[in-house]
Amino acid sequence: MVGVSSEHGEPGAAGDPRSDGRSTRWETHRARRREQVVDAALVVLGRDGQDFGLDQVAHEAGVTKPVIYRHFGDRAALLDAMAARATDRLMERLMPVLYRENAARTRIHDSVDAVLGFLEDSPGVDLLFRRRLPGQRGEVVDAGREFIASALAGVLGSSAAALGIEESELVGVWSRSLVGSVQATAEWWLRGRETGTAPAREVVAEHLTVLIWAQIAGLARRRGVTLSGESPLPVDTVPK
């Protein structure tokens, strides 16, 4: 009977260690295959642009198209997985520098440069973040953007608290306005790179650093505090 254990431990019986081992290996295989397909899809996106097809992804991944459907169901689900992978990779670059206890201006600059550098090294990913791909849903991208805003709110909240400012609404608006401004600037910069009219990445990072630091220093001055860009900002706990 299904689900009834056997004292002899037939293969497939409930509680059979061999069955558990096969299940674990199968799940590991499925996870690796999914990663293989997602990585291939990101390569194809960067190479062929937003109108790529699943045939191209299958060829790049070395699988058949039915394998893609078996793991993802449809194109929208694959795009969700691509957006999630791209967001994870961005976090891997951004979080360490955002939460590193460096001088304030250095910390701001390195965080901005991490975003620009990731987009520079990941062709086509900006289309995912802008939700410009045919059939793409927005939930994964929106969740990633909100995570970054929450992380930034933690940093800004720590800085504001150090200045005696306990205004959660201000911090919430501030963090989301910064995410939006950096994203819009990055998109403008990427478009300029395509036409050869964009400033150098370092120039863009420095200008954004100046603008963001001016906000922080200006807020401090309103409270009668003079900040130095060479002093560290408080480091809060990295969000999970």
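The values are calculated or read from the model by the stated rules, or taken from the named source; none is laboratory data. Treat the numbers as computed from the prediction; the structure is a model and nothing was measured. Cβ sites come from the backbone with ideal geometry, for glycine too, and all protein chains shown count toward neighbours.
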Problem - So Thr64, is it surrounded by fewer than 18 Cβ atoms within 10 Å (Cβ to Cβ) and modelled with pLDDT of 95 or more - result: yes
Exercise for the section: Considering each of Ser159, Ser150, Ser231 in turn, give the residue that is touching a residue at least 60 places away in the same chain (Cβ under 8 Å) and either in contact with a strand residue (DSSP E or B) (Cβ under 8 Å, 6 or more places away or on another chain) or outside the structural domain of Ala104 (by TED's automatic domain parsing) (or both). Expected result: Ser231
Practice task
For residues that are touching a residue at least 60 places away in the same chain (Cβ under 8 Å) and either more than 23 Å from the chain's Cα centre (by Cα) or surrounded by 13 or more Cβ atoms within 10 Å (Cβ to Cβ) (or both), tally how many sit in the range 196-215.
Solution key: 8
Exercise for the section: Would you check if there is a residue in the range 151-168 being more than 22 Å from Leu227 (Cβ to Cβ) and acidic (Asp, Glu)? Expected result: no
Completion exercise
In the range 81-110, anything of a type outside the set (Gly, Ala, Ser), more than 20 Å from Val204 (Cα to Cα) and crowded, with 20+ Cβ neighbours inside 10 Å is listed as Met82, Thr87
Handout entry: Residues of the range 162-174 satisfying the condition of being part of a helix (DSSP H, G or I) and touching a residue at least 12 places away in the same chain (Cβ under 8 Å)
Key = Ala162, Val171, Gly172, Trp174
Practice task
Go through Ser150, Ser177, Ser159 for me and flag whichever is part of a helix (DSSP H, G or I), hydroxyl-bearing (Ser, Thr, Tyr), modelled with pLDDT of 85 or more and in contact with a helix residue (DSSP H, G or I) (Cβ under 8 Å, 6 or more places away or on another chain).
Solution key: Ser150
Practice task
Take Ala81 and decide whether it is in the same structural domain as Val43 (by TED's automatic domain parsing), touching a residue at least 24 places away in the same chain (Cβ under 8 Å) and either over 21 Å from Val155 (Cβ atoms) or touching a His at 6+ places or on another chain (Cβ under 6 Å) (or both).
Solution key: no
